[in-house]
Protein chains: 2
Amino acid sequence: MDRFFAFVGGTSGIWSVASAATLIGEGLPSVERVDILAAVDNSGLANPSDALWTLRGVVSHERYVTHQERAELRLRSPALNRPEATCAALIPLRKNAEWWAMAQDERRTILEEQSGHIRAGMEALPAVARKLHHCRDLGEPFDFLTWFEFHPRDVSSFETLLEHLRRSEEWKYVDREIDIRLTHA
Amino acid sequence: MDRFFAFVGGTSGIWSVASAATLIGEGLPSVERVDILAAVDNSGLANPSDALWTLRGVVSHERYVTHQERAELRLRSPALNRPEATCAALIPLRKNAEWWAMAQDERRTILEEQSGHIRAGMEALPAVARKLHHCRDLGEPFDFLTWFEFHPRDVSSFETLLEHLRRSEEWKYVDREIDIRLTHA
């Protein structure tokens with residue numbers, strides 16, 4: 001159960017919404033705060049009464065990185081919940097049917113050899129802590145819930161990463177993306 | 001929802017249990033029949049009153065096969081529900097933490113280059129129809145629910161496939177496996 005999380009949009013939680021932008025596809029209702037619930041049972045979730053949306057995801061095994069890439073990522077990745085990392089972003093993403101119909105080698109080629117997704121993430125380290133939640137196989141409305149944490153001074157590293165990804169070949173397969181920026185005191 | 005299934009062990013369904021063997025790990029209660037429910041909502045499942053167990057799984061994207069391998073598999077794979085395929089097997093499997101801690105390239109190397117999993121499956125075609133359901137990220141007790149259908153005369157093709165896999169390097173990471181054989185009239 002320690003791999004299961006829910007992101008609850010409403011009026012609870014330490015993270016206040018600073019901005020929310022729908023880049024492609026359907027948006028989500030605007031909320032004041034986002035709460036992160038851990039160990040959320042997959043078989044059902046009591047929606048807090050003030051929640052406007054609840055997005056569930058699971059931290060799963062690595063899907064694309066090689067042993068070498070992962071070793072380097074781990075060496076450079078900061079922990080989550082650094083006290084100074086008062087900025088965060090929750091970016092729910094969905095990819096289209098064409099993406100999911102491809103075989104593993106085709107998806108890896110687009111993701112890394114053509115789009116440099118892993119390399120770009122590496123360049124944003126150790127500034128931008130990152131955690132990926134999978135949700136496509138949970139029957140959720142998104143395929144991924146990506147979560148980032150960084151110091152306010154490192155916002156440009158984060159923007160550089162996003163600009164790189166959104167210009168990439170891989171992003172041609174993204175058909176729903178919402179960029180929610182958060183801060184906490 | 002068309003990717004979600006539940007296998008219900010009890011007294012309902014067209015498939016009668018001919019035998020059940022626990023190869024490694026904890027077993028499951030013995031049942032007379034297995035029912036297959038389609039489009040089962042992930043967020044909750046009404047257990048039929050006669051069910052002794054319910055295992056949920058989702059048909060997901062390809063995790064290991066290359067474009068080439070998949071093209072060949074598709075060319076040779078028979079449909080499910082062939083009238084003459086009156087034998088089936090449900091094999092719930094779990095792999096250990098060491099397997100899931102490996103990166104994609106390490107798992108692929110063990111699965112195919114060392115264990116010939118995809119090649120062995122190919123050799124059992126077109127005799128043995130196969131369908132893989134994923135369940136690790138659903139918080140289920142197994143990681144996979146594998147389903148096979150074949151004509152009674154092709155049982156030896158199926159046994160050859162199982163013997164190959166169970167002797168393989170990949171199977172050293174399997175820590176729970178139950179082999180349930182079924183027939184229907």
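The values are calculated or read from the model by the stated rules, or taken from the named source; none is laboratory data. Everything numeric here is computed off the predicted structure, so don't read it as measured data. All Cβ positions, glycine included, derive from the backbone under ideal geometry; neighbour counts span all protein chains shown.
Data overview
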| read-out | value |
| --- | --- |
| Filtered residues of the range B:87-110 (kept if away from chain A (no Cβ under 11 Å) and crowded, with 17+ Cβ neighbours inside 10 Å) | B:Cys87, B:Ala88, B:Ala89, B:Leu90, B:Ile91, B:Pro92, B:Leu93, B:Arg94, B:Ile110 |
| Contacts under 8 angstrom Cβ, first residue in the range A:68-86 being farther than 17 Å from B:Ala101 by Cα and more than 14 Å from chain B (Cβ to nearest Cβ), partner hydroxyl-bearing (Ser, Thr, Tyr) and surrounded by fewer than 16 Cβ atoms within 10 Å (Cβ to Cβ), 6 or more apart | A:Thr86/A:Thr183 |
| B:Leu138 within 12 Å of chain A (Cβ to nearest Cβ), buried (at least 19 other Cβ atoms within 10 Å of the Cβ) and at pLDDT below 95 | yes |
| Where A:Phe150 falls short, out of the listed (1) under 14 Å from the mean Cα position of the chain (by Cα); (2) more than 14 Å from chain B (Cβ to nearest Cβ); (3) within 26 Å of A:Thr109 (Cα to Cα) | (3) |
| Those residues of the range A:8-35 which are closer than 23 Å to A:Arg82 by Cβ and touching a helix residue (DSSP H, G or I) at 6+ places or on another chain (Cβ under 8 Å), in sequence order | none |
| Unique residue being in contact (Cβ under 8 Å) with a residue 24 or more places away in the chain and either β-branched (Val, Ile, Thr) or on the phi < 0 side of the Ramachandran plot (or both) when the list is B:Ala124, B:Ala97 | B:Ala124 |
| Yes/no for B:Leu165 being within 17 Å of the chain's Cα centre (by Cα), in a loop (DSSP other than H, G, I, E, B) and either over 30 Å from A:Gly57 (Cβ atoms) or of a type in the set (S, T, N, Q) (or both) | no |
| In the range A:111-125, the residues that are touching a helix residue (DSSP H, G or I) at 6+ places or on another chain (Cβ under 9 Å) and either closer than 16 Å to A:Trp147 by Cβ or within 14 Å of chain B (Cβ to nearest Cβ) (or both) | A:Leu111, A:Glu112, A:His117, A:Ile118, A:Gly121, A:Ala124, A:Leu125 |
| Residue among A:Val31, A:Val58 that is closer than 27 Å to B:Ala101 by Cα and at pLDDT 95 or above | A:Val58 |
| Test result for A:Phe150, farther than 28 Å from A:Ala101 by Cα and crowded, with 19+ Cβ neighbours inside 10 Å | yes |
